[in-house]
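Please read the structure below before turning to the comments.
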């Protein structure tokens, strides 16, 4: 999420934290929102489906601000060589081969968005349409039913 006025946001949230909860744990790992701009590092996750939820903390009380959460998201760890994937789809974009792990229960729409974002073509039909169609074709060929849909160049 992006604040409407970053300067005012930083003024009021300078003592706030970004907190993450993985796999519906009983605790959250929190990182300074502004002072330490490093990406959090999580180690020890098995190749499998996982969940994550992120929230901001209240700068005055330290409590989680439930309104700042977008809810729980599911993600899949495939491993360095995609060994945890049921199948790996390959697609060539801008002359570079990309290997995309496919797993039952995964979200082809989110994988499409992530891949197109990583090559600088976020939300552009020239990337989104062929990548999504290719992933959907591969998923159907290996017997994974997908309910993800493509609507007018954007994923729904």
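A few comments on the model shown:
- Taking the range 81-105 as the range and being touching a residue at least 40 places away in the same chain (Cβ under 8 Å) and either more than 23 Å from residue 122 (Cβ to Cβ) or part of a loop (DSSP other than H, G, I, E, B) (or both) as the test, the residues that pass are 86, 87, 103, 104, 105.
- Test: residue in the range 40-48 that is at pLDDT 90 or above and either assigned by TED's automatic domain parsing to the domain that holds residue 142 or surrounded by 15 or more Cβ atoms within 10 Å (Cβ to Cβ) (or both): no
- Residue tally, condition touching a helix residue (DSSP H, G or I) at 6+ places or on another chain (Cβ under 7 Å) and either modelled with pLDDT of 90 or more or surrounded by fewer than 19 Cβ atoms within 10 Å (Cβ to Cβ) (or both), over the range 101-114: 1
- Among the residues making up the range 55-80, those that are in a loop (DSSP other than H, G, I, E, B), exposed (fewer than 14 other Cβ atoms within 10 Å of the Cβ) and modelled with pLDDT of 85 or more are 60, 61, 62, 63, 70, 71, 72.
- Selection within the range 1-32 - surrounded by 11 or more Cβ atoms within 10 Å (Cβ to Cβ) and more than 24 Å from residue 45 (Cβ to Cβ): 3, 9, 10, 12, 13, 14, 15, 16
- Every listed requirement among (1) outside any loop (DSSP other than H, G, I, E, B); (2) in contact with a helix residue (DSSP H, G or I) (Cβ under 8 Å, 6 or more places away or on another chain); (3) modelled with pLDDT under 85 is met by residue 34 save one, (1).
The values are calculated or read from the model by the stated rules, or taken from the named source; none is laboratory data. From a predicted model like this one, the values you see are computed outputs, not experimental measurements. Don't worry about glycine lacking a Cβ; one is built from the backbone with ideal geometry, like all the others, and counts go over all protein chains shown.
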